[in-house]
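The values are calculated or read from the model by the stated rules, or taken from the named source; none is laboratory data. Bear in mind that the values here come from a model prediction, so they are computed numbers and not experimental data. Don't worry about glycine lacking a Cβ; one is built from the backbone with ideal geometry, like all the others, and counts go over all protein chains shown.
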Amino acid sequence: MMAIPNGDRIARMLNKVPQVTIYFWIIKILATTVGETLADFLNTRLGLGLTGTTYVTGALLLAALAVQLKSRRYVPVIYWVAVVLLSVVGTLITDNLVDNLGIPLEITTVVFSAALAATFAVWYWSERTLSIQTIYTTRRELFYWLAILFTFALGTAGGDLLAEGLALGYAWSSLLFATAIGIIAVAHFRFGLNGVFAFWAAYVLTRPLGASLGDLLSQSSGKGGLGFGSFGTSLLFLTAIAVLIAYLSLNPQKEVIPVGADSES
C-alpha cells in the first residue's frame, strides 16, 4: 500500500467534514427533509410562529456551530446536528422572506442563487479550492457553512417555486430533482464532470428534493401529500438520522472510502 505523505495525513486527520460516501448522501437527504417538516411542526403545530421558530432554531444553530468550530476533527454527531439545524434555519429564512415580507419565490430564488455564487467566488479567490476534502482551517470551514446555509435557503425557494408556485406538485417535483441528481452522477462517473462542481450541484439539488419529499409525506391529501403529518415525518427521519450517525460513530471505517464526487478533477 502506498504510504500517505505526512502533509496529507495531517490534512485528513484535521478535515472537519465527512468523506462523500453513500451514507453522506442518505443522511443529507434525510436532514433536508427534516428541515422542511420540523420547521412546519414548530411553526404551526407548536404555535411558535415563523418569528419564534426562527429565534429558537437560530440560537440552537449558533450553539451547534460553536461546538463544531471548536472541535479539531470531524465528529459525526456534532457535524450532522449542525447540518439538520442549518436545514431548518435555511427553510425559515426563505419562509420569512416569502410569508412575512411578501417577497415572491422567483426573487428569493434569484437572490439566494447570487448569494451562493458570490460565496463560492470569494471562497475560491481566497483558498483556490472549493473541495470539501480540505476543510482543515477555520476560514475554509466558515466558507463551507455559509455556502451550506445558502444552498438550503436556495433549495427551499426553488423547490417551493416548482411545487407550489408553478403547481408542479410534490411528487413530480421530487421525481424531477431526483432525476437531475442522477444525471449529475452519470455525468461525473461516466463522462468525467468535474468532481467539485458535481458535488455542489448535487448538494444544492438535494435540498429541494428533501423538501419535496417532506411535503409529500407530511401534507394532507387535499394539498397533494400523503397525510403523515409534520410531527410523524420529522420523528421518522430524525430517528433514521440518529441510527445512521450511531452506526457511523461505531464503524468509522464506513466513511473512509469516498463514493461521491468531490475531487479537483
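For the range 83-117, how many residues meet the condition of being surrounded by fewer than 19 Cβ atoms within 10 Å (Cβ to Cβ) and closer than 27 Å to Ala63 by Cβ?
Total satisfying the criteria: 5.
Tally the residues that are crowded, with 18+ Cβ neighbours inside 10 Å, among the hydrophobic types (A, V, I, L, M, F, W, C) and modelled with pLDDT of 85 or more, restricting the search to the range 210-227.
Residues that pass the stated criteria total 3.
Out of Leu130, Leu154, Leu146, I need the residue that is farther than 30 Å from Leu216 by Cα and out of contact with any Asp or Glu (no Cβ under 6 Å at 6 or more places or on another chain). Which one?
So the residue among Leu130, Leu154, Leu146 that is farther than 30 Å from Leu216 by Cα and out of contact with any Asp or Glu (no Cβ under 6 Å at 6 or more places or on another chain) is Leu130.
Going by what's in this entry, would Leu69 be described as surrounded by 13 or more Cβ atoms within 10 Å (Cβ to Cβ), touching a residue at least 24 places away in the same chain (Cβ under 8 Å) and in contact with a helix residue (DSSP H, G or I) (Cβ under 6 Å, 6 or more places away or on another chain)?
Judged against the criteria, Leu69 is not a match.
Which count do you get for residues in the range 165-183 that are free of Cβ contacts under 8 Å to residues at least 24 places away in the same chain and in a helix (DSSP H, G or I)?
Final tally of qualifying residues: 6.
Looking at the range 224-245, can you tell me whether even one residue there is closer than 30 Å to Ala118 by Cα and more than 16 Å from the chain's Cα centre (by Cα)?
The answer is no; no qualifying residue exists.
Could you tell me whether the range 90-100 includes any residue that is without any contact (Cβ under 8 Å) to a residue 60 or more places away in the chain, assigned to a helix (DSSP H, G or I) and of a type in the set (Gly, Ala, Ser)?
No, the range 90-100 contains no residue that is without any contact (Cβ under 8 Å) to a residue 60 or more places away in the chain, assigned to a helix (DSSP H, G or I) and of a type in the set (Gly, Ala, Ser).
Listed here are the residues, each with its yes/no results for (1) assigned to a helix (DSSP H, G or I); (2) modelled with pLDDT of 85 or more.
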{"position": "Lys28", "(1), (2)": "yes, yes"}
{"position": "Thr33", "(1), (2)": "yes, yes"}
{"position": "Glu36", "(1), (2)": "yes, no"}
{"position": "Thr44", "(1), (2)": "yes, no"}
{"position": "Gly47", "(1), (2)": "no, no"}
{"position": "Thr51", "(1), (2)": "yes, yes"}
{"position": "Thr57", "(1), (2)": "yes, yes"}
{"position": "Leu62", "(1), (2)": "yes, yes"}
{"position": "Gln68", "(1), (2)": "yes, yes"}
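Looking at (1) touching a residue at least 12 places away in the same chain (Cβ under 8 Å); (2) under 30 Å from Ser220 (Cα atoms), can you tell me which one His188 breaks?
The single condition His188 does not satisfy is (2).
Please work out which residue is modelled with the lowest pLDDT, limiting yourself to the range 231-265 and to residues that are among the β-branched types (Val, Ile, Thr) and within 21 Å of Val75 (Cβ to Cβ).
Checking each candidate, the answer is Ile257.
When the residues of the range 129-172 are narrowed to those that are of a type in the set (Gly, Ala, Ser) and under 19 Å from the mean Cα position of the chain (by Cα), which ends up surrounded by the fewest Cβ atoms within 10 Å (Cβ to Cβ)?
Looking at residues that are of a type in the set (Gly, Ala, Ser) and under 19 Å from the mean Cα position of the chain (by Cα), I get Ser131.
Taking the range 50-66 on its own, how many of its residues are more than 30 Å from Gly165 (Cβ to Cβ) and touching a residue at least 24 places away in the same chain (Cβ under 8 Å)?
1
Take the range 70-88 and flag every residue that is outside any helix (DSSP H, G or I) and charged (D, E, K, R).
Answer for the range 70-88, where residues must be outside any helix (DSSP H, G or I) and charged (D, E, K, R): Arg72, Arg73.
Under 8 Å between Cβ atoms, at least 6 apart or on separate chains: pull out the pairs that start in the range 129-142 with a residue that is part of a loop (DSSP other than H, G, I, E, B) and end on any residue that is of a type in the set (D, E, K, R).
Within 8 Å, the pairs are Thr129/Glu264; Ser131/Asp262; Ser131/Glu264; Ile135/Lys16; Ile135/Glu141; Tyr136/Lys16.
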